[in-house]
Structure formats: structure tokens, C-alpha cells
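Nothing in this text is a laboratory measurement; each read-out follows from the coordinates by a stated rule. Remember, it's a predicted structure, so these values are computed and weren't measured experimentally. Positions of Cβ are generated from backbone atoms using ideal geometry, with glycine treated the same way; all protein chains shown enter the neighbour counts.
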């Protein structure tokens, strides 16, 4: 009798448990991979800091896919890519010397079926994400809008450029690519409080991205670092990099 009762309870519980989970599929690939640097890579998926799965190994140039079961509802999702280089696995991040940050982290609400497409572009050094099924939670904090332009750019030296904004050394966002002589604009969300804000410009020169700095033989440091306090009211930083006077003019509001 006890065995029959236990079996009946299991049958009743199975649908309920199954209804609490959903499927997450992560698809990713690297574009513009340089010959000789097509590393093996793998993806690791975490939900609420718990590892749910590790993909098989693939070459970066291959379109890859990996799926795991995830709990429904609102959770913290983290997806990290690892590259095999020099006989060891390491996080595929700029801080480890790679050209692009290959990871995703955000609070999301999982639906019945979820997918995340990740494209890591080696040329632009930017990763783009496309989500379906699940929804991202709005980022908490205050909006910071950054504008910038280069003045007195010499003919033939109007490079493509992009901007990166950091808060306390954490990357908040990367701008779209444009010419230096055109005004750029981007907005990021900064956590409330006082933070060190670093705004760093990169130029595309001779087939690679590099920091627009004196150390890299540019005419000026297209970098702005300051301490800012954020408390719900939108903030702005407007930058003008003058090639003729070799000055950076900043207006902070």
C-alpha cells in the first residue's frame, strides 16, 4: 500500500516540477577570426551563480549551440565563454588580452522557451546579443550621456572611432562606430552613488583597434577620467578633442 501511495504521489508531482523549468538555448559564433587564432572555445551557463551546464568544445569560427534547463521566472543569468590558449582555459575577455569580451550577464525573466544569440566580432571588438522568449530587466541606476567629436582633423586622418565608458573599471557600454569628424553619442546606465568614470576613445588604424593615446603615437590622449555622483538625475559629459591645439575640452553637467 505504501509503495502504491508513493508512486501515486510521484506521478502527481512530476508535471508540477516539469512546469517550473524551461529551456534556454545559447547560439554563438566569432566573426572575422584571424588566421592562426581560431581557438577552441566553450560556453558555461550560470543562473543565480549556480553552474547549470558547460558546452562541448568548438572552434571559434564555427557556429555553435548549447542548451540547458533553467528555472522559470526572474533570475540572474550569466553566460561566459572560455578560450583554450597556451595549454589552458581562460575567460575570453579583454582583460585577458583578447580582442572582444565574450560574455553576457543580466537579470532576466525566462519564458517557456528561451534563446540568446551571441555574435562576437573580432574586427569591431564588439559583442552583440539577440534575445527571444526571455526579457531583460531594466538596468537600475542613472543615465549618463556622452558626446564627443574631433576638431581640426587633417585630410586622410579621419579614422573610424568608437567610445567605451567604464564605472570603477567595469565596462558599461561601447558606442557605435563612426568617423572622428562626426559627433558621436551614447548613453549608459550608472549605478547610483559616487564612481570613477573613465571615457576612452579607440581608433581603427591599419586593420586594428587601438586606444587613441600619446603612448600609441596619436597627437593627444582621447581619454577623460573623473569622479561623478549619480542620484536619479541624468548626467552628461560632452567632449571635444582638438587635434590642432592638442587639448581635450570637457563640459560636465
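Let me know the shape class of region 187-253, please: from the alpha-carbon gyration tensor, a ≥ b ≥ c as square roots of the eigenvalues, rounded when a/c is under 1.5, otherwise prolate if a/b is greater than b/c, or oblate.
prolate
Would you calculate, for the chain, the mean residue ellipticity at 222 nm contributed by helices, counting each DSSP H stretch of 4 or more residues as -39,500 (n - 2.57) and dividing by all residues, to the nearest 500?
-2500 deg cm²/dmol
For the chain, what relative contact order do you get, as a whole percent, if you take Cα pairs closer than 8 Å and at least 6 residues apart?
Once normalised by length, the contact order is 15 percent.
Taking R0 as 30 Å, what's the FRET efficiency between residue 48 and residue 94 from their Cβ-Cβ distance, rounded to 0.05?
For residue 48 and residue 94, the calculated efficiency is 0.70.
State, as an integer percentage, the relative contact order of region 39-99 based on alpha-carbon contacts under 8 Å between residues 6 or more apart.
36 percent
Between residue 67 and residue 32, 0.36 nm times their residue separation minus their Cα-Cα distance comes to what?
Taking 0.36 nm per residue and subtracting the Cα distance, the gain is 10.1 nm.
With 10 angstrom as the radius, rank 252, 146 by how many other C-beta atoms surround their C-beta, starting from the fewest.
Going from least to most buried by this count: 252, 146.
Which one is right for this structure if Rg and Dmax of the Cα atoms in Å is calculated from it: (i) 19.8, 82; (ii) 22.7, 91; (iii) 26.3, 105?
Derived directly from the coordinates: (ii).
Which residues does the label zone of residue 234 cover in region 141-185, counting backbone N under 12 Å from a point 7 Å along Cα→Cβ?
Zone members listed by number: 143-146.
Going by alpha carbons, how many degrees (0 to 90, nearest 10) lie between the helix axis of 2-18 and the longest principal axis of the chain?
Here the helix axis deviates by roughly 20 degrees.
Modelled label-to-label distance, residue 109 and residue 136, 7 Å Cα→beta-carbon offset: nm?
Label at residue 109, label at residue 136, 1.6 nm between them.
What is the order of 131, 77, fewest Cβ neighbours within 10 Å to most?
So the ranking, lowest neighbour count to highest, is 131, 77.
Which shape class applies to region 54-167: rounded if a/c is under 1.5, otherwise prolate when a/b exceeds b/c and oblate if not, where a ≥ b ≥ c are the square roots of the Cα gyration tensor eigenvalues?
Taking the square roots of the gyration eigenvalues as a ≥ b ≥ c, region 54-167 is oblate.
Can you give me the pair-distance distribution of region 130-180, C-alpha pairs, 5 Å bins, whole percents?
Taking all Cα pairs of region 130-180, the binned fractions are 4, 12, 19, 18, 17, 13, 8, 5, 3, 1 percent.
Using Cβ contacts closer than 10 Å as the measure, can you line up 206, 215, 105 from fewest to most?
Arranged by neighbour count, lowest to highest, 206, 215, 105 become 206, 215, 105.
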